[in-house]
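The values are calculated or read from the model by the stated rules, or taken from the named source; none is laboratory data. From a predicted model like this one, the values you see are computed outputs, not experimental measurements. Backbone-built Cβ (ideal geometry, glycine too); neighbour counts: all protein chains shown.
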Amino acid sequence: MISLGLEGTAHTLGVGIMDDKRVLADRRAIYQPREGIHPREASRFIAMLTCSRSPRVPV
């Protein structure tokens, strides 16, 4: 069986894919501001990753 895991927090977007024995993919994009998390900036960061035509999650 193949399983898909999704994580979303105020500053992280993560995706993982596993089969019965191995991790096939584990990608995270983390919003890392210089000072404290600003909710609007964090939401723009997550929206940029999830709403684009070809979403890219940095390695």
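Among the residues of region 35-47, write down those that are over 11 Å from the mean Cα position of the chain (by Cα) and of a type outside the set (Lys, Arg). Can you show your working first?
Kept after step one, since they are over 11 Å from the mean Cα position of the chain (by Cα), are these residues of region 35-47: 35-44.
Those that are over 11 Å from the mean Cα position of the chain (by Cα) and of a type outside the set (Lys, Arg): Glu35, Gly36, Ile37, His38, Pro39, Glu41, Ala42, Ser43.
The strands (runs of 3 or more DSSP E) located wholly in the chain that include 2 or more residues which are at pLDDT 90 or above and surrounded by 11 or more Cβ atoms within 10 Å (Cβ to Cβ) occupy 12-18, 23-30.
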